[in-house]
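Working notes, structure below.
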Amino acid sequence: MRAVFVDANPTLRALAESLVAKRLPALEIGFGPADVVPDAIPALLAGASIAWIDHTALPTEVAARCAGLGDVVFLGTGARSYMDPEALAALGVAVHLIKGYGDTAVAEHTIALLFAAARELAAMDRAMRAGTWLRREGVQLAGRTLGLVGFGGIAAEVARIARAIGMRVIAWNRTPRLAAGVEFVAIERLLADSDAVSLHLLLNDETRGFLSRARIAAMRPGAILVNTARGALVDEDAMADALRSGRLGHAALDVFAIEPLPAGHALTALANVTLSAHSAFRTPEANMRLIEAAVAHCERIVRERGAPRR
């Protein structure tokens, strides 16, 4: 059986080569470039029944041209940002997700963005590099309220760290949850009471655009917004307007509706925005767990299928 990691960066490729050779030598694995375009995928997958995908779109019409493709191992949980799992299932292609591999990594990045926003670190860094001695009066986070929208593994880690630095933590989740030291409240109360709001929802048809213009307007004036989940959870135009007006004090963002973020995007021109390049989950520890989980998926697929499905 053959698999192809269609968009492997050098770090993940090295891990994949090593782990496949060690744990699943019967699997032949190939690699495509990190910047592969969707139209190149059918040729890249020639003879392969398994595709590993990290960050590249797999449109249904492209998948339909991939003869023999039976399984897609998506390296994360947000496959819907890159493909339509139900439409692929109708083609006979199963999509496999990887959960929990980067909960601590993403949580730490979330807290890092929160601190950067509260103390305006990016603005001072830019000014210093330009030769200006800019001093900002920041916000002390201890004693402030952090609102978590969605409460899975990442949010639980964020709550643990935030409570350790003295923050009060409240949360809203679509299904009932309990967590020590976290008060679960209605979304309306969370938005009104939180000094900082951090998004931790999966992206689907129900959550797309969840933080709408109306919900942004309902946030506490001057609040910080942190998003390490998915860009499409937020109405970006409404967020930009709220940042310009000061209704939102700061946005610290790792994810965007369009990635990579286009040059000249409105968010890049706003001083009260801190940006990172969808990298919250990128640590050596998370990378290892990610590839270990991908290999485990392949071990199960080889065991269950034994041969290409189509």
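What follows is calculated from the coordinates using simple rules that are stated; it is not laboratory data. All of these numbers come straight from a predicted model, not from anything done at the bench. Glycine also receives a Cβ, built like all others from the backbone with ideal geometry; neighbour counts cover every protein chain displayed.
Determine the relative contact order of the stretch 43-186: mean sequence separation of Cα pairs under 8 Å and six or more apart, normalised by residue count, in whole percent. Walk me through the numbers on the way to the answer.
On the way: 191 pairs, mean separation 22.4, N = 144.
It comes to 16 percent, rounded to a whole number.
Taking amide H positions as placed 1.01 Å from N in the peptide plane, with prolines and chain starts having none, which residues 5 or more places from residue 30, or on another chain, fall under 5 Å of its amide H?
3, 4, 5
What is the Cα radius of gyration of the stretch 100-249 over 2.2 N^0.38 Å, N being its residue count? List each step's numbers first, then the result.
Values: Rg = 15.3 Å, N = 150, 2.2 N^0.38 = 14.8 Å.
Output field value: 1.04.
Taking H as built 1.01 Å from N, whose amide H comes closer than 5 Å to the amide H of residue 226, not counting residues under 5 places away?
Answer set, sorted by chain and number: 197, 198, 199, 252.
What are the ³J(HN,Hα) values, in whole Hz, obtained from phi via the Karplus relation 6.51 cos²θ - 1.76 cosθ + 1.60 with θ = phi - 60°, for each residue of the stretch 23-35 in sequence order, with x given for Gly and Pro?
9, 9, x, 6, 8, 7, 10, x, 9, x, x, 4, 9
Which one, 41, 60, 287, projects farthest toward the positive side of the charge dipole computed for the chain from Cβ point charges (K/R +1, D/E -1)?
Projecting each Cα onto the dipole axis, the largest value belongs to 287.
Excluding residue 279 itself, calculate the net charge of residues whose Cβ lies under 15 Å from the Cβ of residue 279, where each Lys or Arg counts +1 and each Asp or Glu counts -1.
Combined, the nearby Lys, Arg, Asp and Glu give -3.
Compute the whole-percent fraction of alpha carbon pairs in the stretch 39-118 spaced more than 22 Å apart. Can you show the working numbers first?
Numbers: 1059 of 3160 pairs.
Here the long-distance tail beyond 22 Å is 34 percent of all Cα pairs in the stretch 39-118.
Just from the alpha-carbon atoms, what are the Rg and Dmax of the stretch 11-72 in angstroms?
Looking at the stretch 11-72, its Cα Rg and Dmax stand at 12.0, 35 Å.
Per residue of the chain, what 222 nm ellipticity follows from adding -39500 (n - 2.57) for every DSSP H run with n ≥ 4, rounded to the nearest 500?
Details: 11 runs with 109 residues, N = 310.
Per the formula, -10500 deg cm²/dmol.
Longest span of the chain, sites excluded, free of GluC sites (Glu not before Pro) in DSSP loop with at most 16 other C-beta atoms within 10 Å?
By the stated rule (loop sites, at most 16 other Cβ atoms within 10 Å), 1-136.
So who's got an amide H within less than 5 Å of the one on residue 256, skipping anything under 5 residues away but keeping other chains? H placed 1.01 Å off N, in plane.
231
Using each residue's phi in the stretch 193-208, evaluate 6.51 cos²θ - 1.76 cosθ + 1.60 at θ = phi - 60° and report the 3J(HN,Hα) Karplus result to the nearest Hz, with x for Gly and Pro.
Result, rounded to whole Hz: 9, 8, 6, 9, 10, 10, 8, 9, 9, 6, 8, 8, 4, 7, 9, 4.
Please name whichever of 140, 128, 275 sits farthest to the positive end of the charge dipole of the stretch 103-275, dipole taken about the Cα centre and charges placed at Cβ: Lys and Arg +1, Asp and Glu -1.
140
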